[in-house]
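Trainee: Okay, here's the structure, questions in a sec.
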Amino acid sequence: MSGYSEKDWKLFRQKLPKWQERHMEKLCRDYLEILHKNTQPSERFWELDKRIREDKKHLELREECRDQIWN
């Protein structure tokens, strides 16, 4: 694929799951920060809801890219 060797792609495929899990762990920490804010529960809820929806869109886009790479 565009200038990368098969060895590079194999390494990328090997490391990607770990990178994804690390990213998800960071998201979880970010969500906890939102939940621990000193604001009204409804504010925290809606802020978290918005953030999760935004993150989900980005994750779905990454998933599409990953599927294109694998196939």
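Every read-out reported here was derived from the displayed coordinates using simple, explicitly stated rules and does not represent laboratory data. Quick caveat, the model's predicted, so the values are computed rather than measured.
Trainee: Give me the extension gain from E47 to R22: residue separation times 0.36 nm, minus the current Cα-Cα distance, reported in nm with one decimal. List each step's numbers first, then the result.
Mentor: Values: separation 25, 0.36 × 25 = 9.00 nm, distance 2.25 nm.
Fully extending the segment from E47 to R22 adds 6.8 nm.
Trainee: Let me ask you something else. Residue by residue, what Karplus-based ³J(HN,Hα) values in Hz, rounded to whole numbers, does region 15-25 have, using 6.51, -1.76 and 1.60 with θ = phi - 60° and x for Gly and Pro?
Mentor: 8, 3, x, 5, 4, 5, 5, 4, 5, 5, 4
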